[in-house]
Amino acid sequence: MKKLFLYSILLFISLCAKAQVQTVSFDVSPATFDAADEITITVSNIDPSLWGVSDIYLWAWYFDENDNPAGDSPTNGSWTDSNEIQKFTNNGNGTFSYTFTPSILFNDSNIGRIGMLAKADDASDMGNGERKTQDNLVEVGTFQTTLVHPAQQNTIVNSGNSLLIEAVSSIQANFTLWANGTSVETQNNITNFTTSYTVNEDTYFELFITEPISGEEIIKTFNVILTPNPQSIPVPSGMKDGINLDPNNSDIATLVLYAPEKDFVHLIGNFNSNDWRLSNTYLLNRDTATDRHWITLTGLDSGNPNVLFQYLVDAQITVADPYSTAVLNEFDDQYISQTTFPDLPQYPVGKTSFAISWFKVGETPYNWQINDFEKPAQEDLIIYEMLIRDFVSLHSFDAIKNKLNYLQNLNINAIELLPVNEFDGNLSWGYNPGFHMALDKYYGTKNAFKAFIDECHSRGIAVILDVVYNHATGQNPNYRMWNDCNGCYGGQATTENPYFNVVDPNTAFQFFNDIDHESTATQAYIDQLNEYWLEEFKIDGYRFDFTKGFTNTVGDGGSYDASRIAILERMYNEIRTFDSNAYVILEHFAPNSEETELIEYRATSDPLEPGMLVWSNHNYNYNEGTMGYPNSNFSSISYLNRGWSTPSSVGYMESHDEERLSYKNLAFGNNSGTYDVKDLETSLDRMELAGAFYFTIPGPKMIWQFGELGYDFSINYCENGTIDPGCRVDPKPIAWDLGYQNITSRTDVYSQWSQLLRLRKQNAIFNTNDFTLDVANPNGLKKIQLYDPTATGSQVKYVTILGNFGVEAQNIVPVFQETGTWYDMLTASETTITDVNAPILLQPGEYRLYANEIATLGLSEVSLTEIQLYPNPAHNHFSLSEDISKIYIYELSGKMIAEFENYKKGDEISVEKYQNGIYFINAVTNEKSQNFKLMKF
């Protein structure tokens with residue numbers, strides 16, 4: 001986890017932290033200071049030995065004088081490897097100190113606030129939370145003020161009560177108090193301001209404190225409202241929890257919040273001149289029978305089309321709507337480029353904090369082009385699992401849409417996206433969900449996502465979402481409304497929480513805040529989420545993360561659990577009411593008896609109803625084979641060998657969670673004589689061998705992105721080039737940027753896998769339920785045989801696949817199913833078999849695919865030839881290898897800085913005047929669009 005998105009990390013890091021996060025004391029000397037003054041930070045009540053270290057390091061960031069996030073300390077280092085320059089000095093008395101000058105540390109004098117924490121050199125999570133302290137914020141400037149009373153932002157009083165107002169300044173200043181825009185009190189040349197005010201109405205106070213010599217001004221604001229008395233009115237008929245827009249009148253929106261145990265809820269936002277101020281004008285009605293609070297907003301059409309709002313619960317906890325379909329974040333949004341998400345509203349800095357719900361008034365509905373998509377049959381699924389962030393440099397729905405030719409030519413028929421709902425930070429795998437129903441803006445707009453799905457459907461490709469309902473981060477409103485720190489991002493759920501468990505019942509696998517799946521509130525929540533993504537975006541199904549955790553049974557989840565089965569079957573039943581053919585894929589890894597019961601379950605009596613699917617991990621077994629260790633055995637990838645009558649397991653050699661096959665081939669591959677799996681070309685040849693013994697086995701399969709090109713960067717690869725488990729979820733090099741598509745030995749894997757998948761698609765025998773795997777021999781010789789009893793005429797009736805997973809040449813006895821003419825399925829060459837047991841010599845890594853008839857297969861090679869950009873890195877100029885209609889150059893921030901039209905092959909484009917760094921180049925022709933990451937030096 002890196003500080004590239006530090007502002008959100010620092011606030012949200014406690015979400016996954018357990019014992020290792022320490023709450024310590026920070027002391028700053030002098031207490032008030034300017035950016036150019038030297039200061040000393042002293043940390044006490046800290047025990048580095050709890051982190052297994054003796055040294056601690058400063059991690060610092062800062063805000064400008066307008067309190068906008070401005071940057072990090074250039075010498076922070078990385079989250080897993082701090083810079084030695086920022087190591088604290090051990091004072092020998094249990095405290096640690098660090099001395100610096102803010103303007104020098106940050107190389108900026110425009111500093112209004114400093115953020116800091118102390119951490120271990122490697123602060124990564126080693127099993128029970130990241131090794132860091134809590135965050136600490138320090139104001140910069142010798143002129144500082146404190147509002148002593150009221151101590152909270154919002155105060156409730158009865159009408160006619162007197163309110164005490166007190167403030168303290170570090171130096172003599174002039175104080176002016178305003179109430180609802182009217183000046184009511186002035187006191188000059190003092191350091192302590194005290195007055196009282198009789199409150200007869202909801203009042204917004206502003207206290208202006210001015211330093212008389214410099215004119216510097218500080219403003220303290222607070223709200224005082226009369227004791228709320230919500231009206232008891234039922235929720236209007238037909239309204240769901242969340243945001244209800246009137247399809248016939250864009251002027252109206254009804255907001256509904258389920259909030260048992262909460263006395264009252266207010267709405268604040270940018271609507272109807274509210275300006276984020278607490279007022280009983282926007283006190284929600286209360287439906288006591290259903291524990292819901294609600295309000296109908298009107299007059300929306302005449303204001304800002306971007307409606308931003310939050311709920312203020314019991315005048316204490318500010319939350320966005322749990323069912324938000326889009327949110328603004330005060331820390332993450334500044335790193336989202338205009339290219340990825342144009343016209344993103346700005347966060348109202350200084351007016352509120354925490355996530356904000358956002359919807360648009362009168363938005364034109366997306367015009368779907370494909371309305372009758374027919375999903376591939378479950379047993380035929382070839383799923384391409386993708387993390388958008390690491391698949392294309394521009395990490396957007398538009399960018400991956402431009403790669404669909406590549407994926408379609410690979411012959412996959414489904415794309416499974418790692419979570420795209422709103423997660424904490426930007427650079428994430430997405431398994432840290434904050435809002436389950438909001439699309440994460442880091443990947444683009446909802447219309448861009450719909451256009452991507454539309455284009456996939458036009459090509460016969462289904463879209464599956466990976467969703468995380470086992471847990472949520474502390475950002476989740478349903479967690480924050482009922483936790484023991486009054487709505488902070490950390491803490492723990494209380495017993496009043498209708499959605500989250502106080503204690504995670506899973507004793508082995510604990511992630512963030514555990515959702516209570518036995519709760520009826522949770523079940524209604526999840527049903528609404530599932531309905532939304534299916535209906536709003538026309539996705540084709542789900543892969544549910546860690547369904548082993550969908551239970552309150554105490555234990556590691558490894559035993560048969562009838563209550564968990566009931567929970568999953570109930571959820572499946574509801575999904576069937578929304579989409580009778582939606583894919584329901586479980587990452588379960590529970591006992592085979594439990595998975596058997598789940599995959600055999602049906603919600604209806606319809607014989608064509610697809611049941612549930614489960615993930616099936618064969619990474620270790622296949623990797624042993626690709627590395628050249630002959631006793632590998634992947635026979636369990638056959639659903640028949642699990643005792644199942646339906647192909648209901650999604651088998652995979654790689655997923656986002658497993659080490660990459662090619663990395664281990666090159667690091668640990670076997671050898672004999674001159675044959676060495678550690679050689680790149682040999683390693684890639686063995687990926688072809690694995691493909692021949694993977695895609696040909698009946699049942700759904702999955703490819704992890706770039707496995708078809710032999711991607712060989714470790715799952716634990718760090719951005720500094722080292723390998724460390726703490727870097728597991730860090731950004732990884734992108735295959736296109738590495739030029740994989742131009743390396744023949746890599747594209748050979750792509751081409752062979754593409755042909756195997758075309759064979760599978762066009763020949764019915766690969767759907768047979770009559771097949772055997774002989775893949776457990778200790779010598780590494782493996783064989784698969786398939787039989788299609790329904791084959792007639794020239795259809796393939798028999799297939800025999802032979803392979804040598806060893807590292808020496810060997811003879812294999814094929815035991816062909818019949819004598820006669822057999823055909824190589826990849827080349828169509830003929831072989832006459834007179835003795836079905838006649839040995840065949842296979843070189844190490846060699847494989848053969850034989851069929852008793854010429855297989856249906858287009859034999860044309862798949863071309864991966866793409867536009868070339870050179871040189872890269874570039875100093876003065878770069879060129880492209882084709883004529884290009886348009887070329888766009890973007891800064892790393894996403895700002896377009898240059899545009900060229902009608903470029904001619906080989907012409908030089910100057911970058912001499914650009915600053916050194918990374919730029920994005922977008923080249924557009926009539927046939928395709930291609931993106932490049934250019935390094936200027």
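The values are calculated or read from the model by the stated rules, or taken from the named source; none is laboratory data. Bear in mind that the values here come from a model prediction, so they are computed numbers and not experimental data. All Cβ positions, even for glycine, are placed from backbone atoms using ideal geometry, and neighbour counts span all protein chains on display.
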What are the residues in the stretch 331-340 that are over 19 Å from Lys360 (Cα atoms) and in contact with a strand residue (DSSP E or B) (Cβ under 9 Å, 6 or more places away or on another chain), if any? Phe331, Gln334, Ser337, Thr339
Check on Gly430, at pLDDT 95 or above, assigned to a loop (DSSP other than H, G, I, E, B), over 13 Å from the mean Cα position of the chain (by Cα) and not hydrophobic (A, V, I, L, M, F, W, C): no
Residue by residue through the stretch 88-137, note down the ones that are in contact with a helix residue (DSSP H, G or I) (Cβ under 6 Å, 6 or more places away or on another chain), closer than 19 Å to Ser25 by Cβ and small (Gly, Ala, Ser). Ala120
Does Leu255 meet the test of being under 25 Å from Ala320 (Cβ atoms), modelled with pLDDT of 95 or more and surrounded by 12 or more Cβ atoms within 10 Å (Cβ to Cβ)? yes
Restricting the stretch 370-394 to residues that are in a loop (DSSP other than H, G, I, E, B) and polar (S, T, N, Q), the residue that is nearest to the chain's Cα centre (by Cα): Ser393
Looking at the structure I just gave you, is Gln334 outside any loop (DSSP other than H, G, I, E, B), touching a residue at least 40 places away in the same chain (Cβ under 8 Å) and over 30 Å from Ala521 (Cβ atoms)? yes
Selection status of Leu842, modelled with pLDDT of 90 or more, out of contact with any Phe, Trp or Tyr (no Cβ under 8 Å at 6 or more places or on another chain), buried (at least 17 other Cβ atoms within 10 Å of the Cβ) and not polar (S, T, N, Q): yes
Looking at Ser605, Ser559, Ser580, Ser616, can you tell me which residue is touching a strand residue (DSSP E or B) at 6+ places or on another chain (Cβ under 7 Å), hydroxyl-bearing (Ser, Thr, Tyr) and without any contact (Cβ under 8 Å) to a residue 60 or more places away in the chain? Ser616
Would it be correct to say that Arg459 is exposed (fewer than 15 other Cβ atoms within 10 Å of the Cβ), of a type outside the set (A, V, I, L, M, F, W, C) and touching a residue at least 24 places away in the same chain (Cβ under 8 Å)? yes
Does Asn432 satisfy the condition of being among the polar types (S, T, N, Q), closer than 17 Å to Tyr258 by Cα, out of contact with any Pro (no Cβ under 6 Å at 6 or more places or on another chain) and touching a residue at least 60 places away in the same chain (Cβ under 8 Å)? no
Residues located in the stretch 130-169, provided they are closer than 20 Å to Ile41 by Cα and surrounded by fewer than 16 Cβ atoms within 10 Å (Cβ to Cβ): Leu137, Thr142
In the stretch 141-153, is there at least one residue being in contact with a helix residue (DSSP H, G or I) (Cβ under 9 Å, 6 or more places away or on another chain), outside the structural domain of Gln346 (by the TED database) and not aromatic (Phe, Trp, Tyr)? no
Give me a count of the residues in the stretch 548-570 that are out of contact with any Ser or Thr (no Cβ under 8 Å at 6 or more places or on another chain), surrounded by 20 or more Cβ atoms within 10 Å (Cβ to Cβ) and among the small types (Gly, Ala, Ser). 1
Among the strands (runs of 3 or more DSSP E) contained in the stretch 168-233, which hold 3 or more residues that are of a type outside the set (Lys, Arg) and within 42 Å of the chain's Cα centre (by Cα)? 203-210, 217-226
For the stretch 597-611, enumerate the residues that are surrounded by fewer than 15 Cβ atoms within 10 Å (Cβ to Cβ) and hydrophobic (A, V, I, L, M, F, W, C). Leu608
If we only count strands (runs of 3 or more DSSP E) wholly inside the stretch 706-824, which ones have 1 or more residues that are surrounded by 17 or more Cβ atoms within 10 Å (Cβ to Cβ) and touching a residue at least 40 places away in the same chain (Cβ under 8 Å)? 771-774, 781-787, 798-804
I'm trying to understand the selection: among the residues of the stretch 74-128, which are assigned to a helix (DSSP H, G or I), touching a residue at least 60 places away in the same chain (Cβ under 8 Å) and either on the phi > 0 side of the Ramachandran plot or surrounded by 21 or more Cβ atoms within 10 Å (Cβ to Cβ) (or both)? Pro102
Residue under question is Asn68, and the condition is that it be free of Cβ contacts under 8 Å to residues at least 40 places away in the same chain, surrounded by fewer than 18 Cβ atoms within 10 Å (Cβ to Cβ) and more than 30 Å from Arg728 (Cα to Cα); does it hold? no
Give the residues of the stretch 903-919 that are of a type in the set (Lys, Arg) and loosely packed, with under 11 Cβ neighbours inside 10 Å, sorted by residue number. Lys904, Lys913
Would you call Pro322 touching a Pro at 6+ places or on another chain (Cβ under 8 Å) and over 30 Å from Asp398 (Cα atoms)? no
Please work out if Leu859 is assigned to a loop (DSSP other than H, G, I, E, B) and either at pLDDT 95 or above or loosely packed, with under 15 Cβ neighbours inside 10 Å (or both). yes
Across the stretch 489-519, the tally of residues that are among the hydrophobic types (A, V, I, L, M, F, W, C), touching a residue at least 24 places away in the same chain (Cβ under 8 Å), at negative phi and part of a loop (DSSP other than H, G, I, E, B) stands at 3
How many residues of the stretch 888-922 are more than 18 Å from Gln338 (Cβ to Cβ) and either touching a Gly at 6+ places or on another chain (Cβ under 7 Å) or modelled with pLDDT of 85 or more (or both)? The answer is 16
